[in-house]
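The values are calculated or read from the model by the stated rules, or taken from the named source; none is laboratory data. Since the model is a prediction, treat every value here as computed from it, not as a measurement. Every residue, glycine as well, gets a Cβ built from its backbone with ideal geometry; the counts of neighbours run over all protein chains shown.
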Amino acid sequence: MKITFLLTWGDEMGGTEQAVYTQATHLAPRHTVEVLSVFKTRERPFFSVDERVSVRYLVDRTGKTQRPVRDSGLGAEECRRLAGLPSELINPSWEATFDALSDVEMKRALRTIDTDVLISTTPALMSAIADLAPSRVITIHQEHRSSQLRGSTGEPLLHRAPEIDAMVVLTERTQQWLEESLGKAAPRLEAIPNAIPEGFRPRSSLTGKSIVMPSRLVPEKQVDHAIHAFAKVLPEFPGWRLRIFGDGPQLSRLRNLVQGLGLHDSVEILGSTQHMTEEWAKASLAVLSSKGEAFPLVLLEAFAAGVPAVAYDVVTGPAEIIRHGVDGLLVPPGDVDSLAEAMAKLMGDEELLRSYGQNAYEGSARFAADVVVKQWEALFTELVYRRDAPERMAERADRMAHRVANGGAGRFHPAVAADRTAPSSGDQRARELVIGAANRSLVRAAGRLAEVRDDLQAVDILQRNFETVVAALEHHEIPYVLLRGSDDTQRYRVAVDAEHQTRTRKALAAEYEGKAVYAELLKPRTHAPGVLLAERLEPVGEVGGLRVFRPVVTSSRTLRFGPAYGCDVEFWRRVPEEDGGDGQFAAPLRSSAAGSRLPSLTADATLRVRDREYPTLEPFTKKLVNDITFPIDVVYTWVDDTDPRWQERRARRRADLGLPAQASGDEAARFRNRDELRYSLRSIAMFAPWVRKVYLVTDDQQPAWLNTSHPGVEVVSHRDIFTDPSCLPSFNSHAIESQLHHIDGLSEQFLYFNDDFFIGRPLNPQKFFLGNGMSRFFWTPTTVPIGEATEEDEGYFAAAKNNRRLLEDRFGVTVTNGFAHAPYALRKSVLEQIEAEFPDSVARTAANPMRGWRDVSMVSSLHHHYGYLTGASVPGSIRCAYIDVGTYARHPELTRLLTARGHDVFCLAESPDAEVPAEEQARIIGSFLRAYFPVKSPYEL
């Protein structure tokens, strides 16, 4: 058969190019193989190419003016003009190198391509072949990165995948993520690893005392981690060298780091080389400290030379190649101390180093090219065999329909969260099959067994995992104390004397044999990092702690409760005075609220959690300086713009003011209701269970789904808070917000939410308030334009300018910055002071029924600046996303929010000049919010 690989630039040095040429070389003896490169960028390609593999190019970029490689009638000026125009075929946010000239040449080449199998090698090229490949051509995408961690470059993967025949990824982790995210829209998905590149590879003698690290010098490779780790172990192992091969923007920074650490005689940064086989032959150890990898070829090259490796156990890649304790060592990601310990273990034990090297050399046969290529040939044969079957195109149409029907619209696709721990494999996977067969209610999610529940909030999951730990410890009479943490998570922590670690592991193993209970190993000393069934914990060896959890997934599969919601069992070790300690117990992982040393682990007090007392230490029962014990309420302002009575009131009010009956643009967007409130309340119930009460301020409206009998929610009419009834009805958010502190029963500290604000992950109240009651605010780089407010100013900036004038007159200082679109932390007393100090401005704003250029914005801006200048508020930090759903280009960010779930808060807004029709916005927002917050809140009927 004829097989065509499509590359962006086939001449360059990169893992994708190397993998393609290796694969093509091994297919060439039995097939007609060609590499089609969109761009020619060098006179001679970086990698040598087998003579049986033809390479052709579409656009030549080696000269001053890029031009088609084919004979064409285009002049130099026309080529320059085309090259300066953006690509319409490939979105620049996916890959910016394409242009109008490459569009022309790709359309010409791909629409009529004569091949059996066409393989794309980037998501951008996958989109192109989905558009352009003839129907009889089998289309396959070969994914060379961790799809679940891609940014904008990965957008086409979920968007266009249904339109191709197959997608091949490098690891099972990525395959499982795509299966769960795409569901019935998924094409054929396979996991096939990269093969070891061809060529003679001299074997290392492992005597050179040389650590080799080929790497691009970019932040995500974290080369500085390897340098710091090497600096820690070098004094113990003089004569060893760290040799770094690669170029990149961090070259100067890394050289300065080497100099600053005094390592200039021991660390070499040598630039790129085409002779890595020779360098591996001189190496004794490989190190990989990347933040993320897909399937690192450098490890395959090292193993082929018999060189063992030490690497961070990141989401994908190293763990699929390194067999921990056999041919290398895996350490927790980002843990420089553990990286140094692993390096020292092999540097200091010649026999162990040689044993690992031998195993690496022998184990590299798993990735031999002939083994890997057979998997590819089997896939090609099966797909080509049925390319004329009528079912093929029908199935493709069904996949595309499933994508749209299940929420995928435009450039947004619902996705499951990327799991950052390895799925089960090997013996554990086999054991899970047995457990799953015995309990049919369990499903497989994120590579592990999980319960399907749509009724549990995050606080319920945290409590359940805590009780899972406590039940095992108490049943086996293992003493423990409940800790209070010093971090910003809601996770429970218990401390156990390290002398009882073996007993604890045995207890968990016995208690949960045959159950879907797991533990993530924290700071393992001998075992590889990862997640094990609790029943398999006994033989793992020493660890710093265990994060125990029962996986739960919602029926939508878009919300998973995994290790992030587990309960930590920490093994605190006494440091004897004879070992330089003070006889106290030392924290194995991180400090507690009472510090990183505890004088005893014998419980002398109790802490109440829900309905019972648990053993703890007396310091943890005290009110600490940063504790928040005061109540915190939430206030929303809300309107249903589809209510005919409300529409009539607004039309009448506008007519009285001489305005058109219908609003448009920014005003219409502000009033638009898409049921966001339901999901914003779900976010509070899920991630901020410490909220005392929610007040919903409305113009005598309430959502039909709202459970008004719930004691934690109260609907408040505008009539109940406006001191001057003549101001009503009001359709000015600034006016309504100026009266919020009049709510009867409102707590002193409260949060103000727009209904398009959402909490994205578990947060503690300390994110918004200090223990002394002061509120936090979140400045942004957005500046308020200079000058006084005018009628032409947009409402937000006009109010900000008016705020600035008040503050300049009162305090003699000028404010410049705006604030994040995040929940506003407010104090009722500060709002009362503002009303008392600026009565005319507040009254004028309250009396304005529509937004006006003379308004002030009390809760979103003035409160924070006034509080800061009077000592009632302080700057804080928050991870906030602001997404304009009225702009198509911002829709992929919704998918990334779902995948990462790493933002504290986010806001879904709409610009006044939205390009996305309102109906389409509603569909996308609804699909996204249902995926992010699938669990019903207690505020709903």
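So here's what we get for this one:
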| read-out | value |
| --- | --- |
| Per-region count, the range 584-598, residues assigned to a strand (DSSP E or B) and surrounded by fewer than 20 Cβ atoms within 10 Å (Cβ to Cβ) | 3 |
| Among the candidates THR112, THR171, THR153, THR122, residue that is closer than 20 Å to ARG444 by Cα and among the β-branched types (Val, Ile, Thr) | THR171 |
| Scan of the range 182-192 for residues that are crowded, with 22+ Cβ neighbours inside 10 Å and touching a Leu at 6+ places or on another chain (Cβ under 6 Å), ordered by number | none |
| Residue within the range 599-606 that is free of Cβ contacts under 8 Å to residues at least 24 places away in the same chain, crowded, with 19+ Cβ neighbours inside 10 Å and assigned to a loop (DSSP other than H, G, I, E, B) present | no |
| Filtered residue count, the range 773-787, keeping only those that are modelled with pLDDT under 95, of a type outside the set (A, V, I, L, M, F, W, C) and not in a strand (DSSP E or B) | 2 |
| Tabulated pairs, the range 838-857, first not assigned by TED's automatic domain parsing to the domain that holds GLY787, second assigned to a loop (DSSP other than H, G, I, E, B) and crowded, with 22+ Cβ neighbours inside 10 Å, C-beta under 8 angstrom, 6+ apart or interchain | none |
| Count of residues meeting criterion [touching a residue at least 12 places away in the same chain (Cβ under 8 Å), surrounded by fewer than 16 Cβ atoms within 10 Å (Cβ to Cβ) and over 14 Å from PHE758 (Cα atoms)] in the range 899-921 | 5 |
| Count - residues of the range 872-896 that are in a loop (DSSP other than H, G, I, E, B) and under 19 Å from the mean Cα position of the chain (by Cα) | 4 |
| PHE757, sole failed condition from (1) out of contact with any Cys (no Cβ under 7 Å at 6 or more places or on another chain); (2) under 27 Å from LEU462 (Cα atoms); (3) not charged (D, E, K, R) | (1) |
| Residues of the range 803-837 satisfying the condition of being closer than 16 Å to GLN739 by Cβ and in contact (Cβ under 8 Å) with a residue 40 or more places away in the chain | TYR824, LEU826, ARG827, LYS828, SER829, VAL830, LEU831, GLU832, GLU835 |
| Residue pairs meeting the criteria (Cβ under 6 Å; at least 6 apart or on separate chains; first closer than 23 Å to VAL117 by Cβ, in the range 136-159; second acidic (Asp, Glu)) | ILE138/ASP165; THR139/ASP165 |
| Boolean, LEU242 is at pLDDT 95 or above, assigned by TED's automatic domain parsing to the domain that holds ALA340 and surrounded by 20 or more Cβ atoms within 10 Å (Cβ to Cβ) | yes |
| Residue in the range 571-583 that is assigned to a loop (DSSP other than H, G, I, E, B) and on the phi > 0 side of the Ramachandran plot present | yes |
| Residue match in the range 799-811 (condition: of a type in the set (A, V, I, L, M) and either surrounded by 22 or more Cβ atoms within 10 Å (Cβ to Cβ) or touching a strand residue (DSSP E or B) at 6+ places or on another chain (Cβ under 9 Å) (or both)) | yes |
| Criterion violated by LEU234 - all others in (1) crowded, with 22+ Cβ neighbours inside 10 Å; (2) in a loop (DSSP other than H, G, I, E, B); (3) not charged (D, E, K, R) satisfied | (2) |
| Any chance THR642 is among the hydroxyl-bearing types (Ser, Thr, Tyr) and modelled with pLDDT under 90 | yes |
| Search result, residues across the range 22-40 that are crowded, with 20+ Cβ neighbours inside 10 Å and either over 35 Å from the mean Cα position of the chain (by Cα) or of a type outside the set (A, V, I, L, M, F, W, C) (or both) | THR22, GLN23, THR25, HIS26, LEU27, VAL33, SER37, LYS40 |
| Residue in the range 548-555 that is buried (at least 22 other Cβ atoms within 10 Å of the Cβ) and of a type in the set (Ser, Thr, Tyr) present | no |
| Given (1) in contact with a strand residue (DSSP E or B) (Cβ under 8 Å, 6 or more places away or on another chain); (2) under 30 Å from ARG453 (Cα atoms), index of the condition THR899 fails | (1) |
| Qualifying residue in the range 798-806 (condition: touching a helix residue (DSSP H, G or I) at 6+ places or on another chain (Cβ under 7 Å) and either under 17 Å from TYR752 (Cα atoms) or not in a helix (DSSP H, G or I) (or both)) | no |
| Number of the condition not met by PHE769 [criteria: (1) closer than 30 Å to THR558 by Cβ; (2) among the aromatic types (Phe, Trp, Tyr); (3) buried (at least 19 other Cβ atoms within 10 Å of the Cβ)] | (1) |
| Criterion violated by ASP487 - all others in (1) in a loop (DSSP other than H, G, I, E, B); (2) surrounded by fewer than 16 Cβ atoms within 10 Å (Cβ to Cβ); (3) modelled with pLDDT of 95 or more satisfied | (3) |
| Residue in the range 267-275 that is assigned to a helix (DSSP H, G or I), more than 19 Å from LYS209 (Cβ to Cβ) and among the hydroxyl-bearing types (Ser, Thr, Tyr) present | no |
| Looking only at the range 734-753, and only at residues there that are touching a helix residue (DSSP H, G or I) at 6+ places or on another chain (Cβ under 9 Å), of a type in the set (Gly, Ala, Ser) and outside any helix (DSSP H, G or I), the one that is surrounded by the fewest Cβ atoms within 10 Å (Cβ to Cβ) | SER747 |
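Per-residue answers, yes or no, for (1) assigned to a helix (DSSP H, G or I); (2) in the same structural domain as GLU535 (by TED's automatic domain parsing):
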{"site": "ARG387", "(1), (2)": "no, no"}
{"site": "MET393", "(1), (2)": "yes, no"}
{"site": "ALA417", "(1), (2)": "no, no"}
{"site": "ASP427", "(1), (2)": "yes, no"}
{"site": "GLU451", "(1), (2)": "no, yes"}
{"site": "ILE461", "(1), (2)": "yes, yes"}
{"site": "GLU467", "(1), (2)": "yes, yes"}
{"site": "LEU473", "(1), (2)": "yes, yes"}
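Listed here are the residues, each with its yes/no results for (1) surrounded by 22 or more Cβ atoms within 10 Å (Cβ to Cβ); (2) closer than 21 Å to ASP640 by Cβ; (3) aliphatic (A, V, I, L, M).
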{"site": "ARG678", "(1), (2), (3)": "no, yes, no"}
{"site": "PRO689", "(1), (2), (3)": "no, no, no"}
{"site": "ARG692", "(1), (2), (3)": "no, no, no"}
{"site": "LEU696", "(1), (2), (3)": "yes, yes, yes"}
{"site": "ASP699", "(1), (2), (3)": "no, yes, no"}
{"site": "GLN702", "(1), (2), (3)": "no, yes, no"}
{"site": "LEU706", "(1), (2), (3)": "no, yes, yes"}
{"site": "HIS710", "(1), (2), (3)": "no, yes, no"}
